[in-house]
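The values are calculated or read from the model by the stated rules, or taken from the named source; none is laboratory data. Only a predicted model underlies this, so the values are computations on that prediction, with no experimental measurement involved. Neighbour counts run over all protein chains shown; Cβ positions are idealised from the backbone, glycine included. Quick note on the areas: whole protein, heavy atoms, side chains included, nothing else; ligands and nucleic acids left out. Shrake-Rupley method; radii C 1.70, N 1.55, O 1.52, S 1.80 Å.
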Amino acid sequence: MILRLVIGLLLAAFAFSSPASAAPKRVDPVKMFDTDNDGTLDLAEVKKAASAMFAKLDPDRDGTLDARELRGRLSAKELAAADPDRDGTLTLDEYLAVVEQRFNAANPDKDGTLDAKELATPAGRALLKLMK
Ligand SMILES: [Ca+2]
Ligand SMILES: [Ca+2]
Ligand SMILES: [Ca+2]
């Protein structure tokens, strides 16, 4: 009985917290990565998160990410563009170069930081894909 009630409540809460669009988890990405707590993400914070993501995506720890490991984060075209030595994989440096490009794309006001609004733009979301 109680279990069914709990499950019912959980389902209701889930339905309630899922707006029509497939919104990502309602975790504030700024709070997740804002290590200096200034309410915005600077490039250092973004790169730190992206480096952690890189390590997570590279379980065999060979120091590179291939197309399979990058699936859903970089398209084949984006991978090719980010891979100047054309070996089909990205090193951490190559990965962070893409991160920096996306950071700049998401920061049109060029103030050196991304706020929640900038992170919610398509460019900001593309950047977040490389961070979490
Ligand atoms: Ca910050
Ligand atoms: Ca490469
Ligand atoms: Ca900004």
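Just to be sure I understand, how many residues within region 113-132 are touching a helix residue (DSSP H, G or I) at 6+ places or on another chain (Cβ under 7 Å) and either closer than 16 Å to residue 51 by Cβ or of a type outside the set (D, E, K, R) (or both)?
Residues that pass the stated criteria total 11.
Mind listing just one residue for me: the one in region 25-40 that is open to solvent by 70 Å² or more (accessible area, probe 1.4 Å) and in contact (Cβ under 8 Å) with a residue 60 or more places away in the chain and, of those, farthest from residue 113 (Cα to Cα)?
So the first thing to find is which residues in region 25-40 are open to solvent by 70 Å² or more (accessible area, probe 1.4 Å), and the list is 25-27, 31-32, 35-38.
Filter once more, keeping what is in contact (Cβ under 8 Å) with a residue 60 or more places away in the chain: 32, 38.
Numbers: 32: 15, 38: 10 Å.
Ranking the candidates gives 32 first.
Looking at this structure, is residue 100 surrounded by fewer than 18 Cβ atoms within 10 Å (Cβ to Cβ), in a helix (DSSP H, G or I) and within 16 Å of ligand 3 (Cβ to nearest atom)? It would help to see each step written out before you state the result.
Working: surrounded by fewer than 18 Cβ atoms within 10 Å (Cβ to Cβ): yes; in a helix (DSSP H, G or I): yes; within 16 Å of ligand 3 (Cβ to nearest atom): yes.
So residue 100 fits the description; yes.
So, residue 90, is that one in a loop (DSSP other than H, G, I, E, B) and either of a type in the set (Lys, Arg) or within 21 Å of residue 45 (Cα to Cα) (or both) or not? Before you say what the answer is, go through the steps one by one.
Values: in a loop (DSSP other than H, G, I, E, B): no; either of a type in the set (Lys, Arg) or within 21 Å of residue 45 (Cα to Cα) (or both): yes.
No.
In region 115-129, which residue that is in contact with a Pro (Cβ under 9 Å, 6 or more places away or on another chain) and more than 20 Å from residue 72 (Cβ to Cβ) is least open to solvent (accessible area, probe 1.4 Å)?
118
Can we say residue 84 is at pLDDT below 95 and in a loop (DSSP other than H, G, I, E, B)? Let's see the steps before the verdict.
Values: at pLDDT below 95: yes; in a loop (DSSP other than H, G, I, E, B): yes.
Considered against the rule, which asks whether it is at pLDDT below 95 and in a loop (DSSP other than H, G, I, E, B), residue 84 comes out as yes.
Inside region 103-116, can you point out the residues that are more than 15 Å from ligand 1 (Cβ to nearest atom) and assigned to a helix (DSSP H, G or I)? Break it down into steps so the answer makes sense when it comes.
Going through region 103-116, the residues more than 15 Å from ligand 1 (Cβ to nearest atom) turn out to be 104-105, 108-110.
The answer is 104, 105.
What number of residues within region 51-81 satisfy the criterion of being within 23 Å of residue 33 (Cα to Cα), part of a helix (DSSP H, G or I) and open to solvent by 30 Å² or more (accessible area, probe 1.4 Å)?
Looking only at that region, the number is 4.
When both residues are 6+ apart or on different chains and their Cβ atoms are under 7 Å apart, which pairs have a first residue that lies in region 41-59 and is farther than 15 Å from residue 107 by Cβ, and a second that is acidic (Asp, Glu) and open to solvent by less than 40 Å² (accessible area, probe 1.4 Å)?
Final answer for the pair search is 57/69; 58/69.
Does residue 94 count as within 16 Å of ligand 3 (Cβ to nearest atom), of a type outside the set (Phe, Trp, Tyr) and modelled with pLDDT of 95 or more? It would help to see each step written out before you state the result.
Working: within 16 Å of ligand 3 (Cβ to nearest atom): no; of a type outside the set (Phe, Trp, Tyr): yes; modelled with pLDDT of 95 or more: yes.
In short, no.
Here is a check on your reading of the model: is residue 21 out of contact with any Leu (no Cβ under 7 Å at 6 or more places or on another chain), modelled with pLDDT under 60 and surrounded by 10 or more Cβ atoms within 10 Å (Cβ to Cβ)? It would help to see each step written out before you state the result.
Working: out of contact with any Leu (no Cβ under 7 Å at 6 or more places or on another chain): yes; modelled with pLDDT under 60: yes; surrounded by 10 or more Cβ atoms within 10 Å (Cβ to Cβ): no.
Answer is no for this residue.
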